[in-house]
Amino acid sequence: MNRLVKYITRDGGLSAILRYVVLLILIIIASIMAPGFLSMQNILNLLRSFSFLGFISLGMTFVILSGGIDLSVAAIFAFSGVLLGLFQHWGIYLGHVDKLSLLAPTPILFLIVLAVGSALGLINGLLITKLRITDFAATLGSMIFIRGFAFAISGGRTIFNLDEIALFMGRGMIGPVPFVAILFLVSVIVCAIVLRYTVFGKRLYAAGENPVVAKLSGINPQKYKIIVYTISGFFAALAGICMAGRLNVGEPRVAEGWELDAIAAVVIGGTSFAGGRGGVIKTVLGVIIIGLIRNLLSLMGILPDPQEMIMGLVLLFAVVFGSLGTRKGSLAHT
């Protein structure tokens, strides 16, 4: 009993319990509304659908741990899918025919798209650190520009038909398990190890928690800002590749508003907006909660616009709750 009391009163303990309670309630409600909700097949399908948001939420976790925010992830997501579609229909009018005309072998195209996404993230980091533009303003501008660029290079049209390798990224199965879900879980494990056991991870937490003290300790917070935005761009591009494979199209309109869902998932998971507290395992919990809320709203027949209003309230609640948790944690250490 004493251990339970200590856990609850410890910084973040009560918050963690509340998150698991919310998750349990959502699962119970979903099971009542959809009797087959807990079937293995449905769980695997949900894991696949959660993975796309999960990728950009992983990148967002690194950014928020540094004390920043990245509003451009959904735009990079869409742009990456469009870029892959164009590269697979090189020389053919925007993929409006069945025949493929690959610019390079598909694995090379994947590397090019991932490099472009990482470069866009790198540019965000440089704008913030070198030009002293605030994270919000820099990534908001990037979001508008990149999304507009995706429309420009696609002519505002959907690019149809990708090859089998691209389709495997979003639709492929390894036994009964979706490949994209395996890729997401491997990414979570790698990111968790990097944050917990590497010098980079320890210094990132230090730079995010208190940049001034970190700088006095010989850590360059700007360097870590640049790196985390590059990581965020990489995961957004990876999500874009997988979603293009899932839909079999490059679509400039895809993932509109997902940057807010990613922020909500990270904050609900327990990563502090103030930086320096949280992690990717917690983000996975937040992704599941956001995904289940979306799933339940759809089961209830709620239209997309009211859904966005509800998700806005969820994000507001998460931010308020997270700030209260941070404040309590600060008071507990004084």
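A short reminder: the numbers here are calculations on the coordinates, not readings from a lab. Everything quoted here is computed from the prediction, not taken from an experiment. Cβ sites come from the backbone with ideal geometry, for glycine too, and all protein chains shown count toward neighbours.
For a footprinting-style exposure proxy, rank 118, 66, 187 by other Cβ within 10 Å, fewest first. Don't skip to the answer; put the middle values down first.
Working: 118 21, 66 29, 187 18.
Lowest count first: 187, 118, 66.
What 222 nm value per residue comes from the helices of the chain, counting each DSSP H run with n ≥ 4 as -39,500 (n - 2.57) and dividing by all residues, nearest 500 deg cm²/dmol? Show your work: numbers first, answer last.
Values: 14 runs with 248 residues, N = 334.
Mean residue ellipticity at 222 nm (helix-derived): -25000 deg cm²/dmol.
Report, to the nearest 10°, how far helix 13-33 tilts away from the longest principal axis of the Cα atoms in the chain, using its own Cα long axis and a range of 0 to 90°.
Tilt relative to the chain: about 50 degrees.
Please give the contour-minus-distance gain from residue 115 to residue 102: 0.36 nm per residue of separation, less the Cα-Cα distance, rounded to one decimal in nm. Display every interim value, and only then the final one.
Details: separation 13, 0.36 × 13 = 4.68 nm, distance 1.78 nm.
Result for the pair: 2.9 nm of gain on full extension.
Is the C-alpha gyration tensor of the chain telling us rounded, prolate or oblate? Criteria: a/c under 1.5 is rounded; beyond that, a/b larger than b/c is prolate, otherwise oblate.
On the way: a/c = 1.92, a/b = 1.27, b/c = 1.50.
Note, shape of the chain comes out oblate.
Starting with the fewest neighbours, write out 300, 143 ranked by other beta-carbon atoms found within 10 Å of each beta-carbon. Walk me through the intermediate numbers first.
Details: 300 11, 143 19.
By the 10 Å Cβ count, ascending: 300, 143.
Rounded to whole Å and sorted largest first, what semi-axes of the equivalent ellipsoid does the C-alpha gyration tensor of the range 13-132 yield via the square root of 5 times each eigenvalue?
On the way: eigenvalues 246, 136, 19 Å².
That gives 35, 26, 10 Å for the three semi-axes.
From the convex hull of the Cα coordinates of the range 103-155, what is the mean projected area in square nanometres? Each step should come with its number before you reach the end.
Details: hull surface 16.9 nm².
The orientation-averaged projected area of the Cα hull of the range 103-155 comes to 4.2 nm².
Treat the count of other C-beta atoms within 10 Å as a stand-in for reagent exposure and order 194, 199, 249, 180 from fewest to most.
Values: 194 16, 199 8, 249 19, 180 29.
Exposure proxy ranking, most exposed first: 199, 194, 249, 180.
Suppose R0 equals 25 Å. What FRET efficiency, 1/(1 + (r/R0)^6) with r the Cβ-Cβ distance, do residue 215 and residue 131 give to the nearest 0.05? The partial results should precede the final answer.
On the way: r = 19 Å, r/R0 = 0.76.
That gives a FRET efficiency of 0.85.
Separation of the range 228-276 and the range 17-37 by C-alpha centroid, Å?
If you average the Cα positions of each part, the centres end up 24 Å apart.
Can you give the angle from 0 to 90° between the axis of helix 199-209 and the longest principal axis of the chain, with both taken from C-alpha atoms, to the nearest 10?
With both axes taken from Cα atoms, the answer is about 70 degrees.
Would you list which aspartates and glutamates come within 15 Å of residue 225, measuring only between C-alpha atoms, while excluding same-chain residues fewer than 8 positions from it?
Residue 225 reaches 70, 135, 209.
Under Stokes-Einstein, with the Kirkwood radius over Cα pairs standing in for Rh, what whole-number D in µm²/s applies to the range 112-215 at 4 °C and 1.567 mPa s? Before the final figure, lay out the partial values.
Numbers: Rh = 17.4 Å.
Result for D is 74 µm²/s.
So how far apart, in nm, are the two label points at residue 145 and residue 17 if each is 7 Å from Cα heading toward Cβ?
4.8
How high is the relative contact order of the range 113-256? Use alpha-carbon pairs under 8 Å, at least six apart in sequence, and give a whole percent. Intermediate results must be reported in sequence, preceding the final value.
Numbers: 142 pairs, mean separation 67.9, N = 144.
Over the range 113-256, the number comes to 47 percent.
Give the calculated FRET efficiency between residue 200 and residue 152 to the nearest 0.05, with a Förster radius of 56 Å applied to their Cβ-Cβ distance.
After rounding to 0.05, the efficiency reads 0.95.
For the chain, which span is the longest to avoid every loop-located (per DSSP) member of trypsin sites (Lys or Arg not before Pro) having at most 11 other Cβ atoms inside 10 Å? Intermediate values should be presented prior to the final figure.
Values: sites that count: 99, 132.
Longest gap between qualifying sites, sites excluded: 133-334.
Using only Cα atoms, find the angle between the long axis of helix 179-197 and the longest principal axis of the chain, and express it within 0 to 90 degrees, rounded to the nearest 10.
The two axes meet at around 40 degrees.
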